[in-house]
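Could you have a look at this structure, given as C-alpha cells, before my questions?
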Amino acid sequence: MLDLSEPARVTAGIAVLAAITVTTGGHFLTRVVTGRVPTTDFQTAFFRAGHAHAGVLITLGLVCLLLTEATGLTGGWQWLARTGVLVAAIVMPAGFFFSAMGTGRTAPSRWVVLLWTGAVFLAAGLAALGVGLLIS
C-alpha cells in the first residue's frame, strides 16, 4: 500500500484528470495530420511537439510526485520537487500550441516564452527532487 500525503494525493488526482486533455489534443492532432485542419509545416511540428510533451511530462510529473514522498524535503523545495514537472507539463505544451496559432504561421509568436518558462520549471523540479533523494 502506498501512503500519500494529502497534498500529494490531491495533486495526483488533479494531474490524472488533467491528462484527459491530452486525449483532446490527440483528436486535434489527428485532424491536423489528416489535412482536416490546414496548417503549415511549422505548425504541424509544433502541435506534435506540444502534444508529445504534454503526455510525457504528465507521466514524469506523476513519478516525481511519488518520489517526492520518499524525501525529507519540506516547504518550497518539497512543492518544487512535487509539482515542478507538472507545472512544466502545462506551461511547455502551451508554449508550443499558443506560439503556433494563427493562419499560415511559419515561425513562433511571442508565446514561445512559455516554452522556456516551462523548461525552467522542469529543470528546477528535477533538480530539487534529485537533490532531495540524495540527501534523504
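The values are calculated or read from the model by the stated rules, or taken from the named source; none is laboratory data. A quick note: this is a predicted structure, and the numbers were derived from the prediction, not measured. Note: ideal-geometry Cβ built from the backbone for every residue, glycine included; neighbour counts use all protein chains shown. Each accessible area value is taken on the protein alone, full model and side chains, heavy atoms only, with ligands, DNA and RNA left out. Shrake-Rupley method; radii C 1.70, N 1.55, O 1.52, S 1.80 Å.
Return only the number of the condition from (1) surrounded by fewer than 19 Cβ atoms within 10 Å (Cβ to Cβ); (2) in contact (Cβ under 8 Å) with a residue 12 or more places away in the chain; (3) in a loop (DSSP other than H, G, I, E, B) that Gly102 does not satisfy.
Only one criterion is unmet by Gly102, namely (2).
So, in region 117-136, how many residues would count as being surrounded by fewer than 21 Cβ atoms within 10 Å (Cβ to Cβ) and assigned to a helix (DSSP H, G or I)?
Of the residues in that region, 12 qualify.
Any chance you could count how many residues in region 29-50 are over 19 Å from Val113 (Cα atoms) and exposed (fewer than 15 other Cβ atoms within 10 Å of the Cβ)?
9
Go through region 57-73 and count every residue that is over 15 Å from Phe121 (Cα atoms), open to solvent by 60 Å² or more (accessible area, probe 1.4 Å) and not in a loop (DSSP other than H, G, I, E, B).
Going through region 57-73 one residue at a time, the tally reaches 4.
Tell me, yes or no, whether region 108-116 has at least one residue that is outside any helix (DSSP H, G or I) and either polar (S, T, N, Q) or open to solvent by 80 Å² or more (accessible area, probe 1.4 Å) (or both).
yes
Follow-up. Can you work out which of the residues in region 25-50 that are part of a helix (DSSP H, G or I) and β-branched (Val, Ile, Thr) is nearest to Met101 (Cα to Cα)?
Thr44
A further question follows. Taking Val22 as the residue in question, decide whether it is closer than 17 Å to Val120 by Cα, open to solvent by less than 40 Å² (accessible area, probe 1.4 Å), in a helix (DSSP H, G or I) and free of Cβ contacts under 8 Å to residues at least 40 places away in the same chain.
no
Can I ask one more? I'm told Arg82 meets every condition in (1) open to solvent by 50 Å² or more (accessible area, probe 1.4 Å); (2) touching a Ser or Thr at 6+ places or on another chain (Cβ under 6 Å) except one. Can you identify the failing condition by its number?
(1) is the only condition that Arg82 fails.
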